[in-house]
Amino acid sequence: TCDTGDQQTTAAVHLKEPAATIVESLKDVATYEGEDAVFECRLSRETAQDAQWFLGDVPLQSNEMNEIRAQGTRHSLILRKVTLEDCGSISFKVGQHSSAA
């Protein structure tokens, strides 16, 4: 606000969060049945944007079989005690960006 006594004008500042990009992509994982498979990627910045993991086209959630973590810019997925049915494409998406392994 600028106030000169007999006149006043006001403006506002609006900020948009810059989009995060993937700076460290997912890598393929080979493991034995019954072991854990760990996937990690790193973003350009910490973000409030929705990040999502997928097995094929199926979105994953944290539960007793899948552990999803976000620590700063590092995002990880742990598939617990994998079986042959878990073979396939894992992908991570944030905003318009994605990585797959």
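Summary of values
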{"read-out": "Viscosity 0.692 mPa s, temperature 37 °C, Stokes-Einstein D of the chain from Kirkwood C-alpha radius, µm²/s", "value": "208 µm²/s"}
{"read-out": "Accessible area of the chain belonging to carbon and sulfur atoms, whole % at 1.4 Å probe", "value": "47 percent"}
{"read-out": "Accessible-area order (highest first, 1.4 angstrom probe) of the listed residues Cys2, Cys87", "value": "Cys87, Cys2"}
{"read-out": "Mean accessible surface per residue for the chain, computed with a 1.4 Å probe while every protein chain stays in place, in Å²", "value": "72 Å²"}
{"read-out": "Size of charge dipole - the range 34-101 - debye, nearest 20, with Cβ of Lys, Arg +1 and Asp, Glu -1, no other charges", "value": "300 debye"}
{"read-out": "Peptides ranked, highest mean first, by Cβ atoms within 10 Å: ranges 4-15, 67-78, 89-100", "value": "89-100, 67-78, 4-15"}
{"read-out": "Over the range 23-77: Rg over Rh, Cα atoms, Kirkwood Rh", "value": "0.96"}
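The values are calculated or read from the model by the stated rules, or taken from the named source; none is laboratory data. Since we're looking at a predicted model, the values are computed, not measured. Methodologically, a virtual Cβ is constructed for each residue, glycine included, from the backbone with ideal geometry; neighbour enumeration extends over all protein chains shown. All accessible areas refer to the heavy atoms of the entire protein, side chains included, with ligands and DNA or RNA removed. Shrake-Rupley method; radii C 1.70, N 1.55, O 1.52, S 1.80 Å.
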